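The values are calculated or read from the model by the stated rules, or taken from the named source; none is laboratory data. Since the structure is predicted, the reported quantities are computational estimates derived from the model, not experimental observations. Cβ coordinates were reconstructed from backbone atoms using ideal geometry, including for glycine residues, and neighbour counts include every protein chain displayed. When the accessible area is computed, the model is the full protein with side chains, heavy atoms only, and any ligands, DNA or RNA have been set aside. Shrake-Rupley method; radii C 1.70, N 1.55, O 1.52, S 1.80 Å.
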Amino acid sequence: MRQTLVAGNWKMNGSKESIQSLLSGIKAGMSDVKNAAVVVCAPYIYIPMVAEQLADSEVSFGAENISEHEAGAFTGEISASMLNDFGTEYVIVGHSERRSLYGEQDADTAKKYAAARKAGIKPILCLGESLEEREQGVTEEVVARQLDAVLELEGVESLADAVIAYEPVWAIGTGMTATPEQAQDVHKFIRGKIAAMNADVAEKVQILYGGSMNASNAKELLSMEDIDGGLIGGASLKAEDFLAICKAG
Ligand code: PGA
C-alpha cells in the first residue's frame, strides 16, 4: 500500500506572520489527520523559520525549487547543500510555472532532480500538459517526454526515492480541476510506463495530483486507484482548507 502524501506548494505567498499562524493551525489539526503524510513547500527565505516551527511535529517541509549546480557563481540561486543545512526533506522540481515563466527545459528539470537526489532530498517531479496540448490529444506524449528526461539521466530506480506530481497546467490555479477519471487515466499511464521498466518501482512510487484540488473535490480524486495524494497550491494557504484535504487522504 502506498501512503497518501499531501504537499502544500505556497508559491510566492506569505509573510513571517501569516506563515507562523498557518503552521500553528496545521500543527494543531494534525491529530485528526489519520492516513496522510503532510509536507509544506515554502519560499526559500522562510525555510529556516519553517524548520524551527516544525521541529517538534510530524509535518515535513520542502523547497519550491533548487539549483542544478553544487556551488559557484550562480547569483540568486540556492543549492542542494544549502537546503540540506536546514534539514529540507523535499523539493519541487519542474513545476509548470518554472517551465513556462522561467524557461526551464526538460533537461534542466532532470538536472535539478539529480542534484536533489545526490543530496538526499526527495524531488517532487511535476509533469503536465497545457490546455492546447490536451486539446491536441498529446497529453501522454508530453508527460512521457517530461518523464523520459529524468529517466534518461537518473534511471527508473531513482523514482524509488522520489515523488511524481501530475499537474495539468490548465487546472493550476484556475478552479478547473481535472475530473477524477481524467486524472486517473494519466496517473495510470505514468505508472504503466514506469512498470514497463521496473514493476517494483511502479508499485511503490507515489503519484500526486495537482491542479485546483480543494476540500470539496479531494476525497473523490484521492479515492482513485493511482492517485496517491495531492500537490496543493491555493488551498494550502489556509490551515483549515489544507487540513480538510489532508483528512480526506
Ligand atoms: P493550485 O496549484 O492548487 O492552486 O491549482 C497547484 C500547484 O501549482 O502545485
Open item on the list: Among the listed residues Gly120, Gly94, Gly87, identify the single one that is on the phi > 0 side of the Ramachandran plot, modelled with pLDDT of 95 or more and open to solvent by less than 10 Å² (accessible area, probe 1.4 Å).
Closed with: Gly94
- [ ] Name every residue in region 165-200 that is outside any loop (DSSP other than H, G, I, E, B), within 13 Å of the ligand (Cβ to nearest atom) and open to solvent by less than 10 Å² (accessible area, probe 1.4 Å), in order of residue number.
- [x] Ala165, Tyr166, Ala171, Ala183
Open item on the list: Can you tell me how many residues within region 65-100 are within 16 Å of the ligand (Cβ to nearest atom) and either out of contact with any Lys or Arg (no Cβ under 8 Å at 6 or more places or on another chain) or over 18 Å from Ala162 (Cβ atoms) (or both)?
Closed with: 7
TODO: Spot the failing condition for Ala51; the list is (1) among the small types (Gly, Ala, Ser); (2) within 23 Å of Ile164 (Cα to Cα); (3) in contact with a strand residue (DSSP E or B) (Cβ under 7 Å, 6 or more places away or on another chain); (4) in a helix (DSSP H, G or I), and only one is missed.
DONE: (2)
Task: Per-region count, region 173-209, residues closer than 16 Å to Ile124 by Cβ and at pLDDT below 95 - done: 0
- [ ] Report, ordered by the first and then the second residue, all pairs with beta carbons closer than 7 Å, sequence separation of six or more or different chains, a first member in region 169-185 that is more than 19 Å from Val142 (Cα to Cα), and a second member that is open to solvent by 60 Å² or more (accessible area, probe 1.4 Å) and within 15 Å of the ligand (Cβ to nearest atom).
- [x] Gly173/Gly234
Open item on the list: For region 220-233, check the following and say yes or no: at least one residue is within 12 Å of the ligand (Cβ to nearest atom), under 26 Å from Lys34 (Cα atoms), of a type outside the set (Phe, Trp, Tyr) and part of a helix (DSSP H, G or I).
Closed with: yes
- [ ] Please name all residue pairs, on different chains or six or more residues apart, with Cβ atoms under 9 Å, provided the first residue is in region 201-216 and is within 13 Å of Cys246 (Cα to Cα) and without any contact (Cβ under 8 Å) to a residue 40 or more places away in the chain and the second residue is within 9 Å of the ligand (Cβ to nearest atom) and open to solvent by 10 Å² or more (accessible area, probe 1.4 Å).
- [x] Met213/Thr177; Met213/Gly233; Met213/Ala235; Asn214/Gly175; Asn214/Thr177; Asn214/Gly234; Asn214/Ala235; Ala215/Ala235
TODO: State whether one or more residues within region 153-163 are open to solvent by less than 10 Å² (accessible area, probe 1.4 Å), in a loop (DSSP other than H, G, I, E, B) and at pLDDT 95 or above.
DONE: yes
- [ ] Just give me the residues in region 200-249 being among the polar types (S, T, N, Q) and in contact with a strand residue (DSSP E or B) (Cβ under 7 Å, 6 or more places away or on another chain), in sequence order.
- [x] Gln206, Ser236
Task: All positions within region 29-81 that are of a type in the set (Phe, Trp, Tyr) and closer than 20 Å to Val6 by Cβ - done: Tyr46, Phe61
TODO: Count, please, the residues in region 201-219 that happen to be assigned to a helix (DSSP H, G or I) and either within 15 Å of the ligand (Cβ to nearest atom) or in contact with a Phe, Trp or Tyr (Cβ under 8 Å, 6 or more places away or on another chain) (or both).
DONE: 1
- [ ] Residues being more than 16 Å from the ligand (Cβ to nearest atom), closer than 20 Å to Val91 by Cα and either without any contact (Cβ under 8 Å) to a residue 60 or more places away in the chain or surrounded by 17 or more Cβ atoms within 10 Å (Cβ to Cβ) (or both): count how many of those fall in region 1-14.
- [x] 1
